[in-house]
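*Asks:* Here's a structure for you.
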Amino acid sequence: MASGGLSLSRDRDRLSGFASLHEFDRSRRDGAVVPVELPDALYPVVRDDVSRALTALVELAAPGDYTRLTDAVIDLLGLLKETFSERAWREAVLPAARAHALAGFIHECPFTHHSFTRPRGYPGDAGLLDFVYRHPAARPVQEAATEAGRTVMTFTVDVTACEAVRRRRSILAAKIDETAARQPMPKILAVASGHLREAELSIALKEGRVGRLLATDQDAISLATVDGYRTSISGAIETQQVTVRSILAGKADLGRFDLVYAAGLYDYLDAKIAARLTRVLFDRVSAGGRLLIPNFLWGVPEEAYMEVFMDWYLLYRSRDDIESFAQEIEPASIKRTTYSEDAAGVIGYLEIERV
């Protein structure tokens, strides 16, 4: 794993006892490994294989400390997702893993449990990200968890994907400050803002160098949290309850801005909607202004764990996929398009500057 903690390095020998794989050679001459597509008749065998593999990991659960167990589970699930076809993963591996008694250990983690139960009715809500940020707002729930559950959380919020989200928060705060340095008293739009935690890191907001920051979100609870920043950080912060659908339909009266960004929104949008929304948002960008869009890249090591025990699915993309978000924008209106990635290559960033 890339978590900086323990690691089993996805040892493929761990699958040597899988009866469902005995008749299948996954290796190619070029050394690549091809996911196995199995007949439906073998799915019960797959489920039994997965159940036995997880049972073998339970002994790693020490009293009050599931750190080794968590690392092993993340590693094994990642290996299984690489090994089996998407259909076999979805219809055999994932259900077997969720039904295993080991899920009870993992769901002692308040972070994992919050994601799986979706208290606000949708995945990846702002409350979940507060766990990732290690924000004080998440502390009461964390302290109410079992001691062992807290060790799961300590491990999971330190993995590659979560570090990338914390880095994204810092990048967004830096973009706010950069915009304020480039444009006096700029107007900024945060789409699907969540709790707008990047505001806590922005020097320009705290120093009163932002003219307006409009935070939009579908979630009234999130916006109520953002409203609290009007007194604690900046009176320039405003909120508006807006859905992506209303933005796409042109029903949201937002205005024009020197910086528009959408933190984690695009990770949930299909390609056509993403391209359309990019065009609509770019129409909100003032002359010389910029639109910033992050999206998770392929290859996140924790993807399988997120799907199984967090019921958290993202749309991972390549650089070409992310750059294609701009395909519906009139080329003559674009001064510059810049693509970048975080240091770990986990999230890609597309920045489009208007002439």
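The values are calculated or read from the model by the stated rules, or taken from the named source; none is laboratory data. Every value quoted in this text rests on a predicted model; they were computed, and no experiment measured them. When we count neighbours, we look across all protein chains shown, and the Cβ atoms used for this are built from the backbone with ideal geometry, even at glycine. Ligands, DNA and RNA are excluded from the accessible area calculation, which covers all protein heavy atoms including side chains. Shrake-Rupley method; radii C 1.70, N 1.55, O 1.52, S 1.80 Å.
*Asks:* Being under 17 Å from the mean Cα position of the chain (by Cα) and among the charged types (D, E, K, R) is true for just one of GLU143, GLU108, GLU163. Which residue is that?
*Replies:* So the residue among GLU143, GLU108, GLU163 that is under 17 Å from the mean Cα position of the chain (by Cα) and among the charged types (D, E, K, R) is GLU163.
*Asks:* Then there's this: Is one or more of the residues making up the stretch 277-290 open to solvent by less than 20 Å² (accessible area, probe 1.4 Å) and over 24 Å from GLU198 (Cβ atoms)?
*Replies:* no
*Asks:* Are any of the residues in the stretch 2-11 at pLDDT below 95, under 17 Å from VAL159 (Cβ atoms), open to solvent by less than 40 Å² (accessible area, probe 1.4 Å) and of a type in the set (Gly, Ala, Ser)?
*Replies:* Yes, because at least one residue in the stretch 2-11 is at pLDDT below 95, under 17 Å from VAL159 (Cβ atoms), open to solvent by less than 40 Å² (accessible area, probe 1.4 Å) and of a type in the set (Gly, Ala, Ser).
*Asks:* Just to check your reading of the model, which residue among ARG139, ARG118, ARG52 is open to solvent by 20 Å² or more (accessible area, probe 1.4 Å), over 30 Å from SER193 (Cβ atoms) and charged (D, E, K, R)?
*Replies:* ARG52
Conditions tested, residue by residue: (1) among the acidic types (Asp, Glu); (2) closer than 24 Å to LEU79 by Cα; (3) at pLDDT 95 or above; (4) out of contact with any Leu (no Cβ under 8 Å at 6 or more places or on another chain).
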{"residue": "VAL308", "(1), (2), (3), (4)": "no, yes, yes, no"}
{"residue": "TYR313", "(1), (2), (3), (4)": "no, yes, yes, yes"}
{"residue": "ARG317", "(1), (2), (3), (4)": "no, yes, yes, no"}
{"residue": "ASP320", "(1), (2), (3), (4)": "yes, no, yes, yes"}
{"residue": "GLU323", "(1), (2), (3), (4)": "yes, no, yes, no"}
{"residue": "GLN327", "(1), (2), (3), (4)": "no, no, yes, yes"}
{"residue": "ALA332", "(1), (2), (3), (4)": "no, no, yes, yes"}
{"residue": "THR338", "(1), (2), (3), (4)": "no, no, yes, no"}
{"residue": "GLU341", "(1), (2), (3), (4)": "yes, no, yes, no"}
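*Asks:* May I pose another question? Out of all the residues in the stretch 183-199, which are without any contact (Cβ under 8 Å) to a residue 60 or more places away in the chain and either over 14 Å from LEU223 (Cα atoms) or not in a helix (DSSP H, G or I) (or both)?
*Replies:* PRO184, MET185, LEU196
*Asks:* Under the condition of being of a type outside the set (A, V, I, L, M, F, W, C) and at pLDDT 60 or above, which residue from the stretch 26-44 is nearest to GLU302 (Cα to Cα)?
*Replies:* Step by step, filter the stretch 26-44, then rank; the result is PRO35.
*Asks:* Which of (1) open to solvent by less than 10 Å² (accessible area, probe 1.4 Å); (2) over 21 Å from GLY250 (Cβ atoms) does TYR313 not meet, given it meets every other one?
*Replies:* That leaves (1) as the condition not met.
Yes or no, residue by residue, for (1) within 30 Å of VAL191 (Cβ to Cβ); (2) out of contact with any Leu (no Cβ under 9 Å at 6 or more places or on another chain):
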position: PRO39; (1), (2): no, yes
position: ALA53; (1), (2): no, no
position: THR67; (1), (2): no, no
position: GLY127; (1), (2): yes, yes
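*Asks:* While we're here: Report, by residue number, each residue of the stretch 48-65 that is among the charged types (D, E, K, R) and more than 18 Å from PRO95 (Cα to Cα).
*Replies:* GLU59, ASP65
*Asks:* Looking at (1) open to solvent by 10 Å² or more (accessible area, probe 1.4 Å); (2) part of a strand (DSSP E or B); (3) of a type in the set (Gly, Ala, Ser), find the lone condition where ALA344 falls short.
*Replies:* (2)
*Asks:* Pick out, from the stretch 200-265, the strands (runs of 3 or more DSSP E) lying fully within it that include 1 or more residues that are within 21 Å of PRO119 (Cβ to Cβ), open to solvent by less than 60 Å² (accessible area, probe 1.4 Å) and at pLDDT 95 or above.
*Replies:* It comes to 212-217, 237-241.
*Asks:* Filter the stretch 86-102 down to residues that are open to solvent by less than 10 Å² (accessible area, probe 1.4 Å) and within 23 Å of the chain's Cα centre (by Cα) and give me whichever is nearest to PRO44 (Cα to Cα).
*Replies:* By that ranking, first place goes to VAL93.
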